[in-house]
Amino acid sequence: MWLHTRCDLTFDFAVPTPLILMLRPRSEAHQWVARETYELSPGVHAFEFTDTYGNRCQRLTAPPGAFAIATTADVRVADTAGTAPGSPFVDIEALPDDVLIHLLPSRFCESDRFGRMAAEIAAGCALGYDQVAAITAWIRAGVRYEPGTSDVPITAIDVNQRRAGVCRDLSHLGIALCRGLSIPARLGVGYLHGLVPMDMHAWFEAYVGGRWHVFDATQAGPVAGYVAVGYGRDAADVAIFNQFGPPANTTTQEVAVSRID
């Protein structure tokens, strides 16, 4: 399917403020970006670089006063949700070098604390995809998805204690549980067609059967329509914007995703 994405950000800065942005969707095997627009108002010099995880990032310094960023993209993604029951666990020695980092504990995913719990949740499942599916089902059934309730990331331990959180928080718990079983897992951030309420979205992906697979405990089941903007170990790696210095007086964010027939 073809999707049209839009993200508009507005700020009001008191002083010149350096920004690092992550707003351009990735163009790769599973999604193709055919057209993009990226507007800054007022216009300033911006520079693009690729971070450690292959994400397309932009850096600039916003002037004092009102500052707006408007982005759109037309992206082709898969028409159906990809599932792979029975896809096998990949032995650690066979993992690609760039996947190994996603086995380790990270700032918001304390996977070294979740090994026993993960083993109990996935007991009796075939190693690999089926274990991750069991973890996702467990989170979906036992952790409340409460969109819009928090702007501050919390750790997997906190989510497990609260049994509630936003999409990013549920994904952190899923990642920690997967890594507790020595299954590489990463956080994905971007857009999801049909998301209610509409906003930027987060999900997690697990590496089984030689490739990354999407899992999302916020949805009733597997769905299509994800557009990835960034991947990382957890939310610390994939903020759509980071600002440095005094916070903006006001910040608004508007997101829209529509299907192109």
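What the table shows:
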item	result
Answer residue from region 1-51, given it is in contact (Cβ under 8 Å) with a residue 40 or more places away in the chain and of a type in the set (Val, Ile, Thr) and is farthest from residue 250 (Cα to Cα) among those	33
Residue match in region 162-185 (condition: surrounded by fewer than 20 Cβ atoms within 10 Å (Cβ to Cβ), at pLDDT 95 or above and of a type outside the set (Gly, Ala, Ser))	yes
Set 37, 71, 61, 10: member being polar (S, T, N, Q), more than 23 Å from the chain's Cα centre (by Cα) and not in a loop (DSSP other than H, G, I, E, B)	61
Output for region 78-116, where each listed residue is surrounded by 13 or more Cβ atoms within 10 Å (Cβ to Cβ) and either without any contact (Cβ under 8 Å) to a residue 40 or more places away in the chain or among the polar types (S, T, N, Q) (or both)	83, 87, 106, 111
Search result, residues across region 213-237 that are touching a helix residue (DSSP H, G or I) at 6+ places or on another chain (Cβ under 9 Å), surrounded by 13 or more Cβ atoms within 10 Å (Cβ to Cβ) and part of a loop (DSSP other than H, G, I, E, B)	216, 217, 218, 219, 233, 234
Members of region 169-202 found to be closer than 18 Å to residue 150 by Cα and over 16 Å from the mean Cα position of the chain (by Cα), listed by number	196, 197
Lone unmet requirement of (1) in a helix (DSSP H, G or I); (2) surrounded by fewer than 18 Cβ atoms within 10 Å (Cβ to Cβ); (3) among the hydrophobic types (A, V, I, L, M, F, W, C) for residue 198	(1)
Residue match in region 190-200 (condition: of a type in the set (A, V, I, L, M), closer than 17 Å to residue 81 by Cα and in the same structural domain as residue 118 (by TED's automatic domain parsing))	yes
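The values are calculated or read from the model by the stated rules, or taken from the named source; none is laboratory data. Here the structure is a predicted model, which is why all the values come from computation and not from measurement. Using ideal geometry, Cβ is built from the backbone for each residue, glycine included, and neighbour counts are taken over all protein chains shown.
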